[in-house]
Structures are given as structure tokens and as C-alpha cells.
Amino acid sequence: MSPSRTIALQDMSSGALVPAQLIEQVDSAYAHRADDSWLSFIAAQTACAPPEGLSVSGLELQHAHWRWEQKVQSVGSLLSYPTLGIECAGEVQGLMLLRTDGEFGRLAEQLHHPIVYVVFLAAAPWNLPAVVAEPRFRGVGTALLRAAVEISGELGFKGRVGLHSLPQSEAFYHRYGMRCLGIDEDKERLNYFEMDVDTAAAFIR
């Protein structure tokens, strides 16, 4: 794995902020570790859920089928596809795969300007209210999105970030001021969201 830096997550059991590590480039072994722990957790939740509770068992988790080891292996060592992770309490708390070239803005004011594109972003299932009644940590998705905006800034893209959102995540991106440009027929009819320069600056301030 590549170098890491310390960030903070909120431990929901105590309400306290706790240190976590944002890993700037994870390898396939790390992704495999995430797959093992995340899929095992989802399977356990599914097994113990009553029939009427299946909506919180992981069966409704729209990215439950993602296999991060495959995703990391598919991009190999390409520098334009960094995969970031968050480690806390000895567990992988979140992962994100980016594309840093070949993607351009769609908002009118940044049309054709380069952006960082979030290919995949996910928090561990035990951090998601849709899966568990009491999540372990808060702030995983926010920290990953912030990292994408910061990388955009480092590349000279001024914080411009775009992505296609799963329906279950749309409220999250709306919360941080990303603008929805509507359904993209070429991307499984997912809604496309984009963050403009001013919103990016306010987000990381």
C-alpha cells in the first residue's frame, strides 16, 4: 500500500472523533481484505434478518455485488486510476476508485474542462444506516469525497468532480451541493452529478 495520512471519523458508539488513515493507493491484497470482511458481514446480516426485515439485511444494498479486488486488478498500476481506502479500528471502512484523465465537465460553466471522475465509492456495510440500525463510524463517504475534490485541486482541475450515483446515494451527493444533470442513458440510467468550482472550494474549506 502507498503512504497514508491521518483523518478523523466519528465513532458512533461514543460520539467522539477518532483517528483513521486515508490510504492514497491500495493494492489488490487490501481490496481482497475489504471484500472478505464486507461480504461476510452482509451474509451474516442477511442470515439473521427476519423476512420482513430484508430491506436492511444487505439485500437492498445496491453495491453489495461489487468486488473491489477485481476493480483494483482491472486498472492494474495505471496512475490515472487511483484507488483510495480508509482504515480505522483494524478494518477497511471505505474504498474509492477514481479516474483522473479523459473525463470532462458537463455543467455549462465548466463544459469540457477536465474533472476527476469517481468511478466507485463505498463505505463498509456496517457504517450504513440502510444496513444496520447503529452504524459504527460516520464520515467515511464524506472523507472519500473530500479526497476526490482535493486530488482534483492538486491536478489543477480546481476541485471539479463528477460521478454517476446509485439511487441510494443521491441524497448524500445532494447534501454536498453536487448538481444533478439527470439520467444518463449510457450509464445504466443512473443520474449524473457534478461539483462546480465554488462548491468544491466551500466543501474543503
If we ask which residues in segment 135-176 are basic (K, R), under 14 Å from the mean Cα position of the chain (by Cα) and under 24 Å from H113 (Cβ atoms), their number turns out to be 1
Selection from segment 170-205 of residues at pLDDT below 95 and in contact with a helix residue (DSSP H, G or I) (Cβ under 9 Å, 6 or more places away or on another chain) yields I204
Given the criteria more than 13 Å from G94 (Cα to Cα), modelled with pLDDT of 95 or more and part of a helix (DSSP H, G or I), does E52 qualify? no
The condition of being at pLDDT 95 or above, assigned to a strand (DSSP E or B) and not hydroxyl-bearing (S, T, Y) holds, among E69, E87, only for E87
The one condition G182 fails out of (1) small (G, A, S); (2) loosely packed, with under 15 Cβ neighbours inside 10 Å; (3) in a helix (DSSP H, G or I) is (3)
Would it be correct to say that K158 is in a loop (DSSP other than H, G, I, E, B), of a type outside the set (D, E) and within 18 Å of H63 (Cβ to Cβ)?
no
Problem - Hey, A8 out of contact with any strand residue (DSSP E or B) (no Cβ under 9 Å at 6 or more places or on another chain) and surrounded by fewer than 16 Cβ atoms within 10 Å (Cβ to Cβ) or not - result: no
inquiry  = Residues that are touching an Asp or Glu at 6+ places or on another chain (Cβ under 6 Å) and not aliphatic (A, V, I, L, M): does segment 113-122 have at least one?
reply    = yes
Note: among A130, A89, A122, A64, just one is surrounded by 22 or more Cβ atoms within 10 Å (Cβ to Cβ) and farther than 25 Å from K158 by Cβ, namely A122
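The values are calculated or read from the model by the stated rules, or taken from the named source; none is laboratory data. Since this is a predicted model, take the numbers as computed values, not measurements. Reconstructed Cβ throughout: ideal geometry from the backbone, glycine too, with neighbour counts over all protein chains shown.
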